[in-house]
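Each remark here refers to the structure printed beneath this line.
The values are calculated or read from the model by the stated rules, or taken from the named source; none is laboratory data. Predicted, not measured: the structure shown is a model, and the values here were computed from it. Cβ: placed from backbone, ideal geometry, glycine included. Neighbour counts: every protein chain shown.
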Amino acid sequence: MALISACAAGRSIPTPSPLPSPTTSPTSAPTFTPSPTAAVIDVQPADALAFFDARRGLMVGTDAADGAGRGLVWRTGDGGRTWTRPVAVAPGPLQSITVVGTSLAWARASVGPPP
């Protein structure tokens, strides 16, 4: 009712002042300097790959250089550009790997001669 009577009386309702627009200051992106350690690893063959996300992944295969054919797991943190071998090994060749969530993985190994 007050609005109708104000308009009828020729009065104008004040309009709110516009809000100031937010300003952003430029920020520099962090710089990344990779320092991979290179090593020649004889993988015969790399049997499977699985990635947790676009950068972090795992690769499984057989270490042909040790003579025992142990299964090995390599990891990457740069999308597969470089790979490192952790200490953990399996007693037989690793043939497949599946990641679950962001930090859990399952690998399948073969131990002993095929049936």
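Can you tell me which condition T82 does not meet? The list is (1) at negative phi; (2) assigned to a loop (DSSP other than H, G, I, E, B); (3) modelled with pLDDT under 85, and all the others hold.
Against the list (1) at negative phi; (2) assigned to a loop (DSSP other than H, G, I, E, B); (3) modelled with pLDDT under 85, T82 comes up short only on (3).
Say we look at the stretch 39-79 and pick out the residues that are part of a loop (DSSP other than H, G, I, E, B) and basic (K, R); which of these is modelled with the lowest pLDDT? First the steps, then the outcome.
Step one: of the stretch 39-79, the residues part of a loop (DSSP other than H, G, I, E, B) are 39-42, 52-56, 64-70, 77-79.
Still in the list and also basic (K, R): 55-56, 70.
Values: R55: 96, R56: 96, R70: 81.
Within the stretch 39-79, the match that is modelled with the lowest pLDDT is R70.
For the stretch 95-110, indicate whether the set of residues that are at pLDDT below 60, surrounded by 12 or more Cβ atoms within 10 Å (Cβ to Cβ) and part of a loop (DSSP other than H, G, I, E, B) is non-empty.
No: the stretch 95-110 contains no residue that is at pLDDT below 60, surrounded by 12 or more Cβ atoms within 10 Å (Cβ to Cβ) and part of a loop (DSSP other than H, G, I, E, B).
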